[in-house]
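Q: Pasting in a structure now, in structure tokens, and then I'll have a few things to ask.
The values are calculated or read from the model by the stated rules, or taken from the named source; none is laboratory data. None of these values were measured; they are calculated from a predicted model. Note: ideal-geometry Cβ built from the backbone for every residue, glycine included; neighbour counts use all protein chains shown. SASA here: full protein model, heavy atoms, side chains in, ligands and nucleic acids out. Shrake-Rupley method; radii C 1.70, N 1.55, O 1.52, S 1.80 Å.
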Amino acid sequence: MTQPSTITSRFLSHPQQLGVVAVGFNGGQMKKGVEAAPMALIEAGLLTQLQEDLEYEIHHDNTVHYYENDIPAEDPDHRNMKKPRAVSAVTERLSSQVYNYAKDGKFVLTLGGDHSIAIGTISGTGKAIRERLGREMAVIWVDAHADINVPEMSPSGNIHGMPMAFLTRLAREERRDIFGWLQDEHIVNTNKLVYIGLRDVDRGEKKLLREHGIKAFSMHDIDRYVIFYLPSSGYTGLPIMVLVVLSRWRSLISAMTPPIHLSFDVDALDPQWAPSTGTPVRGGLTLREGDFICECVHQTGNLVAMDLVEVNPSLESVGAAETIRAGCSLVRSALGDTLL
Ligand SMILES: NC(=[NH2+])NCCC[C@H](N)C(=O)O
């Protein structure tokens, strides 16, 4: 039915080896259920598909990590952050789990969990890439939200809205137990960050994106290419968006020759395709557009790691299965599955 990827990986020494980390963590936000996503994705057959159809050699401890022993009993708010010590301890542990796979030149796939876990995954791959290749990694963040709130300006205090602020050092904290463990080797340069799919960006975040010249393709950008190119062509919307965004993207990506960590929040998809998520926002990507982004990123040959986050199977009874299926599809596309 399918076959392994034909794309040559530019940065992995063992591109067919897949390190998988299953992170059942929900402490970056307040809704229960997101911790069940890794098990739901695995039960839906994701790892089997990667192994059997795409011929990956899976390295997984067959455990969903809930990090119970890392979560402190007492965790009062700090600088407007909720559960700061828990998120810090879990992401610190996760960072070394991801690093251990990435340092061997394996691809690392992390199944979340809420998006706060990206503090762990991206810091772990970033450190390994610096050590292995002596270069900085780029991050493609596909999401309805920018998740770059500095704690004081966050409207919710939920850390899943802040990971990119800590990872770029726009937010800093000296306390070791509250992200003070993040070192230079873990950090992402703001000029190596690209957003896709944004449509719910807080006021303070908009200011940060502007001030730091952070590249972002919002849903407006995706719509614009469709509308501009539609009248002059016989194609329907999607292929045109594909053509235009692809060409925009190709140059962006070749300019961005660094290794890429793809952090995909399922809420980048429209709730029509992925309703079972904690902070859904209407007007998002179709499933095909999401898959297409993943396919393009795979085709660069630069991809070294992927996170899939914010699937929450308990929020919707009917929509949960659909959201899980969409999540599986995104991961397969990023790992080289093709339609033909
Ligand atoms: N990963 C997510 N779903 N993030 C949603 C963040 C929502 C809002 N911007 C906040 O900071 O609270």
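Q: Filter region 120-145 down to the residues that are under 18 Å from the mean Cα position of the chain (by Cα) and away from the ligand (no atom under 16 Å from the Cβ) and list them by number.
A: S123, G124, T125, G126, K127, A128, I129, E136, M137, A138
Q: Looking at P259, P280, can you tell me which residue is at pLDDT 90 or above and within 16 Å of the ligand (Cβ to nearest atom)?
A: None of the others qualify; the one that does is P280.
Q: Which of the residues spanning region 12-25 are open to solvent by 10 Å² or more (accessible area, probe 1.4 Å) and touching a His at 6+ places or on another chain (Cβ under 9 Å)?
A: Selection gives Q17 alone.
Q: Are any residues in region 280-299 surrounded by fewer than 20 Cβ atoms within 10 Å (Cβ to Cβ) and assigned to a loop (DSSP other than H, G, I, E, B), and if so, which ones?
A: V281, R282, G283, T286
Q: For S9, indicate whether it is within 20 Å of the chain's Cα centre (by Cα), modelled with pLDDT under 95 and either surrounded by fewer than 21 Cβ atoms within 10 Å (Cβ to Cβ) or aromatic (F, W, Y) (or both).
A: Taking the combined requirement at face value, the residue satisfies it.
Q: Kindly check whether there is at least one residue in region 284-291 that is at pLDDT 95 or above, under 22 Å from M137 (Cα atoms) and touching a strand residue (DSSP E or B) at 6+ places or on another chain (Cβ under 8 Å).
A: No; the residues of region 284-291 include none that is at pLDDT 95 or above, under 22 Å from M137 (Cα atoms) and touching a strand residue (DSSP E or B) at 6+ places or on another chain (Cβ under 8 Å).
Q: Restricting to region 1-33, count the residues that are in a strand (DSSP E or B) and among the small types (G, A, S).
A: 2
Q: A further question on this structure: I'd like the residue in region 205-214 that is within 19 Å of the chain's Cα centre (by Cα) and modelled with pLDDT of 95 or more and, out of all such residues, is most open to solvent (accessible area, probe 1.4 Å).
A: That would be L209.
Q: Which residues, taken from region 186-204, are surrounded by 15 or more Cβ atoms within 10 Å (Cβ to Cβ) and either of a type in the set (S, T, Y) or over 18 Å from the mean Cα position of the chain (by Cα) (or both)?
A: Those that are surrounded by 15 or more Cβ atoms within 10 Å (Cβ to Cβ) and either of a type in the set (S, T, Y) or over 18 Å from the mean Cα position of the chain (by Cα) (or both): T190, Y195, D202, G204.
Q: Among the residues of region 154-172 satisfying the criterion of being among the small types (G, A, S) and open to solvent by less than 20 Å² (accessible area, probe 1.4 Å), which is nearest to N191 (Cα to Cα)?
A: The selected residue is A165.
Q: Of everything in region 146-161, what is within 19 Å of F25 (Cα to Cα) and within 7 Å of the ligand (Cβ to nearest atom)? Give them in sequence order.
A: Selection gives D147, S156, N158, H160, G161.
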